[in-house]
Amino acid sequence: MNIIKAKGYDEMSKMAAAIIAAQALRKPASVFGFATGSTPVGTYRELVRLFGEGLVDFSRAVTFNLDEYAGCPASDPNSYVAFMRGNLFDKANFKASYLPDGMAPNPAAECLRYEKAITEAEGIDLQLLGIGHNGHIGFNEPDDHFAFATQHIKLTDSTIDANARFYNSRDEVPKYALSMGIGTIMNARGILMLISGADKREIAEKALHGPVTPRVPASILQMHPDVTVILAVD
Ligand code: GLP
């Protein structure tokens, strides 16, 4: 693992955008895996700036997002598709961008379709990740095994509590999501993980230096051959 310590959120975001832009410059037809959450917002802002200045072009690049809430339409501002459009897709020129369809009538079939679409795109070149306080990546919650492929997941109470800040009441927070599996993420050729905030210091320590266990899903990244982590936790 290549672990970089950034001086703060802005520096982390600029470093992350530089790595993503470099990937697009090196391989214009890259397949990117993108993430939601507050952590990558600054990275997307910086990418939009680089694109606006003409320093990077995404017209041949394709993106797949990690996850989407089940039962959440694109018209819902809390949907991940709305988040991605607002922060990045409407402001840059990606060739095509995909997320799991949270409204699919058969979530299990949608998970299979999504996994197949990633395979048909010849896999992900660079997967961007944040981390949940319980060590989840995408929506792969702590469990007794690592989920292999994209699946329909019941969110834990701690994740529902964390997401409640975006809703009027806890009852409105989605309880299920469709998420790439740990296997999908581990198949990415390169991984860029961002960890920001003093409240993430403890889970960062466990994920990066603790035992590899499905109880801390992000700990599996220790086994991946090409991971860069940018930490802004001080
Ligand atoms: C959600 C997303 C994750 C993200 C996590 C942390 O659970 N599914 O991909 O990493 O939130 O979000 P934040 O960056 O806001 O702490």
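The numbers here are math on the coordinates, done by the rules we state, and not lab data. Since we're looking at a predicted model, the values are computed, not measured. With ideal geometry, Cβ positions are generated from the backbone for all residues, glycine too; neighbour counts draw on all protein chains shown.
Between Ala198 and Glu120, full extension at 0.36 nm per residue minus the direct alpha carbon distance yields a gain of 24.2 nm. In sequence order, the stretch 39-52 has phi-based couplings of 4, x, 4, x, 5, 5, 4, 5, 5, 4, 5, 4, 5, x Hz under the Karplus curve 6.51 cos²θ - 1.76 cosθ + 1.60, θ = phi - 60°, and Gly or Pro positions carry x.
Projected label points at His133 and Asn93, each 7 Å from Cα along the beta carbon direction, are separated by 4.2 nanometres. Computed extension length for Ala108-Ser75: 9.6 nm, one decimal, from 0.36 nm per residue of separation with the Cα-Cα distance subtracted.
Applying the Karplus relation 6.51 cos²θ - 1.76 cosθ + 1.60 with θ = phi - 60° to the stretch 24-34 yields 3J(HN,Hα) values of 5, 6, 6, 9, x, 8, 5, 9, 9, x, 10 Hz, where x marks Gly and Pro.
Quickly rank 143-149, 126-132, 89-95, 18-24 as a protection proxy: mean count of other C-beta atoms within 10 Å, highest first.
On the way: 143-149: 13.7, 126-132: 24.3, 89-95: 15.3, 18-24: 18.7.
With the highest mean Cβ count within 10 Å placed first, the list reads 126-132, 18-24, 89-95, 143-149.
Compared with the alpha-carbon gap, the fully stretched path from Lys175 to Lys5 is longer by 57.8 nm at 0.36 nm per residue. Listed by chain and number, the aspartates and glutamates whose C-alpha is less than 19 Å from the C-alpha of Lys14, apart from same-chain residues fewer than 8 away, are Glu46, Glu53, Asp57, Asp234.
The reciprocal of the average 1/r between distinct C-alpha atoms defines the Kirkwood hydrodynamic radius, which for the chain equals 17.6 Å.
Holding the Cα-Cα limit at 31 Å, pick out from Lys27/Lys116; Lys5/Lys116; Lys7/Lys91; Lys175/Lys206; Lys95/Lys200 the pairs that are longer than that. Intermediate results must be reported in sequence, preceding the final value.
Values: Lys27/Lys116 22 Å; Lys5/Lys116 36 Å; Lys7/Lys91 27 Å; Lys175/Lys206 26 Å; Lys95/Lys200 34 Å.
Violating the 31 Å Cα-Cα cut-off are Lys5/Lys116; Lys95/Lys200.
Each residue of the stretch 189-200 was assigned a 3J(HN,Hα) from its phi angle through the Karplus curve 6.51 cos²θ - 1.76 cosθ + 1.60 (θ = phi - 60°); the sequence is 6, x, 10, 10, 10, 10, 10, 10, x, 4, 5, 9 Hz, with glycine and proline shown as x. Near Asp125, once Lys and Arg are set to +1 and Asp and Glu to -1 for all other residues with Cβ below 11 Å from its Cβ, the sum equals +1.
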